Amino acid sequence: MGCVTSKNVDSKASRVVRWRSTGIVALRDSKLKAFPDEVLDLEGVVRTVDLTHNKIVAVPVEISKLFNLQRLILADNLVERLPMNLGKLQSLKVMTLDGNRISGLPDECKFAALMGQLVRLEQLSISRNVLTYLPETLGSLRNLKLLNVSSNQLKCLPESIGSCFSLEELQANDNSIDDLPPSICNLMNLKSLLLNNNRVKQMPLTILKDCKALQSISLHNNPISMEQFQQMEGFQEFEARRRKKFDKQIDSNVMMHSNGLDEGVDELLQGPKVLYGKDCCFWC
């Protein structure tokens, strides 16, 4: 027994040495039920923490010790709440919380303040949770490029999302969203908008005109008709951008496969597709 215990201690010590050297903590599929204390003790050394696919229920308030943390990946755990002081991680660029049980925090104001402090955040993925709202201070995330809130219980997006001026990709599939806030037309860098399986009846009237970088819109299984979409102001310009992107995809695949076209390229060569269904449309 003593030998086994000694081996475990040595293994733990060597692991900490490695983390200290690289700044990367990778403990995927480790059957963890709690955030490791030895990680918290490293404080400013840690830049990446990946604890995907464990059974962690809570993120400790002591996580604020990791003040140089840039990537926090806690996908597929059992987390229900986020600590109030998570906003102190002001070096954070990537936060992945997919596949947990997060619904927000009891005190909405504090939750809002928490989100608004993450001013360097570039990617926020919190899909497959039970979110019922997003805080208005989401608009404080001026460097946010990717927002994934798919597979939650959202009925709307906050008006402040229009202040996320760097946003390039918005994924909000599989919610109960009725319409989009007019402010979304302020997102000049938005390239991809995914809204499959919602309740969107009408898009903001000038979104195709104002979002001049927009190349892909996916609206499968929404009560909006293709005719409505095609009649929107700026549709022709959007279609030109979409086809330009499509042509680049073909050129890229042709260059990568000099011995001939593979099946993926064959599909591309059939041209961009518009899929119709009852009360739905898909345009990408």
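Each reported figure results from applying straightforward, stated rules to the coordinates on display, with no laboratory input. The structure displayed is predicted, hence computed values, not measured ones. Note that we place each Cβ from the backbone using ideal geometry, even for glycine, and neighbour counts take in every protein chain shown.
Among 144-154, 21-31, how do they line up from the highest to the lowest mean number of other beta-carbon atoms within 10 Å?
Details: 144-154: 20.5, 21-31: 14.0.
Ranking the peptides 144-154, 21-31 by packing returns 144-154, 21-31.
Using a ≥ b ≥ c from the Cα gyration tensor of region 5-76 (square roots of the eigenvalues), is it rounded, prolate or oblate, where a/c under 1.5 gives rounded and otherwise the larger of a/b and b/c decides, a/b for prolate? Intermediate values should be presented prior to the final figure.
Details: a/c = 1.62, a/b = 1.12, b/c = 1.45.
Oblate is the answer for region 5-76, as a/c is 1.5 or above yet b/c matches or exceeds a/b.
Among the listed pairs 145/248; 31/88; 12/88; 93/209; 33/145; 65/155, which are separated by more than 26 Å between their Cα atoms?
Long pairs (Cα-Cα over 26 Å): 31/88; 12/88; 93/209; 33/145; 65/155.
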For this session: Give the share of C-alpha pairs in each 10 angstrom bin for region 26-166, from 0 to the last occupied bin, in whole percents, shortest bins first.
Result: 13, 45, 35, 7, 0
Problem set entry | Environment charge of residue 62, counting only residues whose C-beta is closer than 13 Å and scoring Lys/Arg +1, Asp/Glu -1 | -2
